[in-house]
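A short worksheet on the structure shown next.
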Amino acid sequence: MAPRRSTTRGFKRTANLLSDQIRRAGESRGFAVSRLLTHWAEIVGEDMAAIARPVNIGYGRGGFGATLTVLTTGAQAPMLEMQKEQLREKVNAVYGYNAISRVRVTQTAPTGFAEGQAQFAPAPKKQRPEPTPEIVQEAAATTQNVENDMLREALERLGQNVMTKQQNHRKTLGKG
């Protein structure tokens, strides 16, 4: 039987490329399960993720349970203090056992320390510019010979996005 050939043609998922780096960075801060960092909002819930971020996991000398340090703003700290036990249970569910025995809350100003690291709200999504009618027509003309409807529509959207981006790039450079 012939060996299986790769179908990705050299392309890899971004998550696969970055997983080792994320794991090493997480482990250097005590996060044995990097999923705690990458899926924080899913683990603790959107409400809690909006006010807190995991900072460190420290292991004591006895080795009985770890301490999870969570960063929040000063105004949210009392609310988070009341929810520490629920937070601990949710995090331990990810580990699959009682890895975290304590949750410590640390707080800072809304802009964080030197680098503004306490910004908890996600960045606003950029408004994607609408393609001009000329671009829509050109994309439709380019893909008119594609027989599969779903493929043709996907290629039209891709073409519209690429041409719109190129047009906006030329405008910012002063060439269009």
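Only the coordinates and a few stated rules stand behind these numbers; no lab work does. Predicted, not measured: the structure shown is a model, and the values here were computed from it. Please note: Cβ atoms are built from the backbone with ideal geometry, for glycine as well, and neighbour counts cover all protein chains shown.
Brief remarks follow.
- Nonlocal amide H pairs with Gln76, under 5 Å, H built at 1.01 Å: none
- For Val146, Val103, Val91, order by how many other beta-carbon atoms lie within 10 Å, fewest first: Val146, Val103, Val91
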